[in-house]
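Below: the structure, in structure tokens.
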Amino acid sequence: MLIPHNAPLHTLVLLTMLPVTVLIVLAALALLWGLLKKIHRHNFMIHKQPPSPPGLPIIGNLHQLGALPHRSLARLAERHGPVMLLRLGFEPTLVLSSAEAAKEALKTRDVDYSSRPLSFCAGKLTYNYVDVAFTPYSEYWREMRKICVVELFSLKRVQSFQAVRNEWIDAFIQSIAVSAGKREAVDLGEVGFELNASITFETAFGRSFKGSLMDGKGFEKLLHEATAVVGSFAAADFFPYVGWMVDKLSGLHSRLDRVFERFDGFFENVIKEHLNSEKGNDEHEDIVDVLLRIQREHVQSGATWFTKNNIKGILQNIFVGGVDTGAITMVWAMAELVKNPEVMKKVQDEIRNWTSGRERVTEKDIDNLKYFKMVLKETLRLHPVVPLLVPRRTSAKTHMLGYPIQEGVRVFINAWAIARDPKIWDQPEKFIPERFNDSLVDYRGQHFELLPFGGGRRICPGINMAMATIELVLANMLHRFDWKLPDGMKAEELDMEEGAGITTFKKVPLKLVPVDNYYQS
Ligand code: HEM
């Protein structure tokens with residue numbers, strides 16, 4: 001700057017100080033800006049909603065769910081982030097798609113996220129929520145959950161059914177040996193379903209129900225119909241007052257009534273039969289025996305809340321939650337192994353070396369089969385059967401990664417998206433069991449990047465029951481047989497598409513030709 005030589009002294013002083021003054025003013029402004037920003041961010045986070053993909057009038061984001069909601073929601077999350085607030089009809093719905101968000105819902109704020117939304121179809125099938133899986137979070141749920149954990153699905157109870165598993169799996173392996181003899185392909189979804197249903201029938205109802213009116217294809221159809229109605233997006237759940245009319249016109253009411261009546265008639269018979277037949281002391285307690293004993297104990301202690309409907313509600317949960325899920329997991333494991341022959345060879349070598357010439361794999365063997373366990377983890381990572389878990393509902397005003405969340409919001413935890421998150425998993429789309437080598441990550445709800453059974457206080461209580469069957473049957477299938485694709489089909493041609501619904505079942509049935517390794521060697 002040019003200063004005139006005759007300028008007064010104070011002007012000179014002012015002008016020389018100008019840069020300092022400017023600096024001070026700038027610093028003060030910067031400070032003020034920072035402060036304002038902080039206050040603004042604070043207010044913003046208090047009132048700010050999570051990002052919401054734009055929706056349509058009335059239906060909101062419902063149309064964006066598509067046939068495979070876990071995939072559509074994962075794509076939306078790529079654009080809008082791991083915490084999204086959608087509107088499904090009139091229902092605000094929070095979608096969580098990162099391990100960090102899942103941890104906040106299932107650990108840090110577990111209580112706030114542990115309720116379930118009411119659902120028209122689930123309500124009807126569970127005798128108005130007197131079950132355990134669909135009932136809202138309450139003292140009642142805690143009591144029912146205790147019964148599940150302590151009595152029905154405890155490790156001791158799972159072990160007590162070991163003979164049942166052995167017997168059915170032996171028969172299953174024999175029937176596959178017959179197909180191997182004829183060199184004919186086996187539909188693994190079909191036989192896997194029959195096996196899981198048979199084991200569940202016997203553990204739940206006892207032997208007397210083999211050959212009952214539920215035996216055979218009738219039961220499979222009924223169960224698939226029950227899963228379909230429970231998983232359907234009933235209009236009544238998203239459009240209060242008018243939705244029920246849409247459901248009535250669409251035929252959902254009559255479908256639901258039919259499913260309910262068939263199951264109810266069946267459960268009535270089972271309970272009556274159990275009440276009429278005295279069991280000897282050395283006879284094995286099945287699940288219905290245990291539930292009837294608990295009911296008697298409750299009555300003796302003066303409690304009246306545990307009624308026949310509670311028993312039917314729990315049985316309903318076991319069938320809808322426990323039969324298809326096991327069969328679907330088996331199919332995906334075999335599909336991935338056939339698609340990845342080097343993994344198939346490695347896991348078969350491990351099993352065959354360990355059993356060294358023995359005819360079958362036992363439950364005791366399984367813990368020693370490290371690579372086999374990794375294969376199962378990798379299967380459950382790529383193919384979590386219930387990809388959005390069972391929907392949750394917030395039971396109080398709460399938070400999610402800094403966003404305030406209202407009470408009564410439906411919550412989907414996208415376990416499928418988290419298990420394929422490239423920020424967590426290297427080459428997430430590939431089937432690489434070795435990724436679990438030297439890793440502590442497992443699927444029991446402590447590691448939020450792998451949640452096929454959910455987590456927190458509503459984690460699946462049937463994990464041990466489910467895995468005992470899945471592990472034993474798969475280990476024996478891999479031990480005894482080699483598996484080939486039919487008609488010269490190549491591994492790359494295997495269709496891995498998922499079918500539409502709440503479970504991620506394989507759309508195209510998996511048909512493989514077994515080659516009997518036992519009689520070859
Ligand atoms: C591969 C097999 C299975 C898978 C992948 C699976 C998965 C799940 C998932 C994701 C949930 C929701 C958890 C959450 O909200 O965090 C759940 C809940 C449940 N599962 Fe399973 N499940 C399987 C087998 C079974 C079996 C065999 C049974 C019973 C015999 C069973 C009984 C239940 C019950 C009762 C609930 C509700 C728990 C509650 O709300 O407190 N599941 N399961």
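If you check every pair at least six apart or on different chains, which have Cβ atoms under 8 Å apart with a residue in region 382-396 that is within 9 Å of the ligand (Cβ to nearest atom) first and a residue that is assigned to a strand (DSSP E or B) and among the basic types (Lys, Arg) second?
PRO391/ARG410; ARG392/ARG410
Within region 206-236, can you find the residues that are in a helix (DSSP H, G or I), surrounded by 15 or more Cβ atoms within 10 Å (Cβ to Cβ) and modelled with pLDDT under 85?
Selection gives PHE209, PHE219, GLU220, GLY231.
So, of the residues in region 425-448 that are assigned to a loop (DSSP other than H, G, I, E, B) and either in contact with a helix residue (DSSP H, G or I) (Cβ under 6 Å, 6 or more places away or on another chain) or among the polar types (S, T, N, Q) (or both), which turns out to be nearest to the ligand (Cβ to nearest atom)?
TYR443
Please report, ordered by residue number, the helices (runs of 4 or more DSSP H) entirely within region 113-189 with at least 3 residues that are among the β-branched types (Val, Ile, Thr), under 30 Å from LEU472 (Cα atoms) and more than 11 Å from the ligand (Cβ to nearest atom).
162-181
Does PHE481 count as more than 14 Å from the ligand (Cβ to nearest atom) and crowded, with 21+ Cβ neighbours inside 10 Å?
For PHE481, the condition - more than 14 Å from the ligand (Cβ to nearest atom) and crowded, with 21+ Cβ neighbours inside 10 Å - is met.
Which of the following residues is in contact (Cβ under 8 Å) with a residue 24 or more places away in the chain and in a loop (DSSP other than H, G, I, E, B): TRP305, TRP332?
TRP305
Mind counting the residues in region 368-412 that are under 15 Å from THR504 (Cβ atoms), touching a strand residue (DSSP E or B) at 6+ places or on another chain (Cβ under 9 Å) and outside any loop (DSSP other than H, G, I, E, B)?
1
Could you give every pair whose Cβ atoms fall below 7 Å, whose first residue belongs to region 453-473 and is more than 7 Å from the ligand (Cβ to nearest atom), and whose second residue is in a helix (DSSP H, G or I) and among the small types (Gly, Ala, Ser), counting only separations of at least 6 or pairs across chains?
Close Cβ pairs (under 7 Å, with a partner that is in a helix (DSSP H, G or I) and among the small types (Gly, Ala, Ser)) amount to THR469/GLY326.
Would you pick out the residues in region 449-489 that are outside any loop (DSSP other than H, G, I, E, B) and over 17 Å from VAL375 (Cβ atoms)?
GLY456, ARG457, ARG458, ILE463, ASN464, MET465, LYS484, PRO486, ASP487, GLY488
The values are calculated or read from the model by the stated rules, or taken from the named source; none is laboratory data. This structure is a prediction, so every number in the text was calculated from the model and none was measured. Neighbour counts run over all protein chains shown; Cβ positions are idealised from the backbone, glycine included.
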